[in-house]
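Working notes for the structure below.
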C-alpha cells in the first residue's frame with residue numbers, strides 16, 4: 001500500500017518556506033464521497049483569510065479540486081493528500097479505512113493521521129487472520 005520509503009519522504013519533507021498542505025477526508029459512505037470537495041472547502045476555509053495564503057495555495061487548491069471531482073475517490077474509505085505545488089510535490093493515498101476530516105497547513109506534512117490509519121489497517125488484518133486460524 002504505502003511503502004516505508006514513501007512514509008519517510010513524507011516525514012522528512014521540508015517546504016523550505018513554502019506551504020505544505022496535508023488533507024485527510026473520510027469517504028466511507030456515498031454521501032461523504034459526493035460531498036468530499038465541500039468538506040475540503042469547509043476544512044481549508046480557516047486558512048484562507050486573505051493575507052496572501054489564498055494565492056500561495058491556489059495551485060494546490062486547484063489540484064485537489066480536480067482530484068476530488070474525478071474518480072480519484074471512487075473506492076476509498078479514506079483519503080490522504082499531501083501537496084506543495086511550490087516544491088512540485090503531490091501525493092494522494094486512497095485508504096481502506098476511514099480517517100477524520102482534517103486539513104493542516106505548515107512547513108512540513110502532518111503524517112500522524114496517516115500512520116494511525118495504517119496501524120489500524122494492520123491491526124484489523126491481524127485480527128482477521130487470527131479469527132480465520134481459530135475457525
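Things worth noting here:
- Net length available on complete extension from residue 34 to residue 87 is 16.1 nm, with 0.36 nm assigned per residue and the Cα-Cα distance removed.
- Computed label-point distance, nm, for sites residue 16 and residue 56 using a 7 Å Cα→Cβ extension: 1.6
- Computed Rg/Rh of segment 4-134, alpha carbon atoms with Kirkwood Rh: 1.02
- Using the Cβ-Cβ distance between residue 94 and residue 47 with R0 = 30 Å, the FRET efficiency computed as 1/(1 + (r/R0)^6) comes to roughly 0.80.
- Residue 108 paired with residue 69, simple spin-label distance in nm, labels 7 Å along Cα-to-beta-carbon: 3.4
- Rounded, prolate or oblate (a/c below 1.5 giving rounded, otherwise prolate when a/b exceeds b/c) for segment 65-121 by Cα gyration tensor: oblate
- Top of 97, 66, 23 by mean-square fluctuation, Gaussian network on the chain, Cα under 10 Å: 66
- Within the listed set 17, 78, 52, the Gaussian network model of the chain (springs between alpha-carbon atoms below 10 Å) gives the highest mean-square fluctuation for 52.
- Helix-only CD estimate at 222 nm, as mean residue ellipticity for the chain, using -39500 (n - 2.57) per DSSP H run (n ≥ 4): -14500 deg cm²/dmol
- Between segment 46-113 and segment 1-40, the C-alpha centres lie 5 angstrom from each other.
FYI, it's all coordinate maths here, none of it is from the lab. On a predicted model such as this, the values are computed, not experimentally measured, just so you know. Don't worry about glycine lacking a Cβ; one is built from the backbone with ideal geometry, like all the others, and counts go over all protein chains shown.
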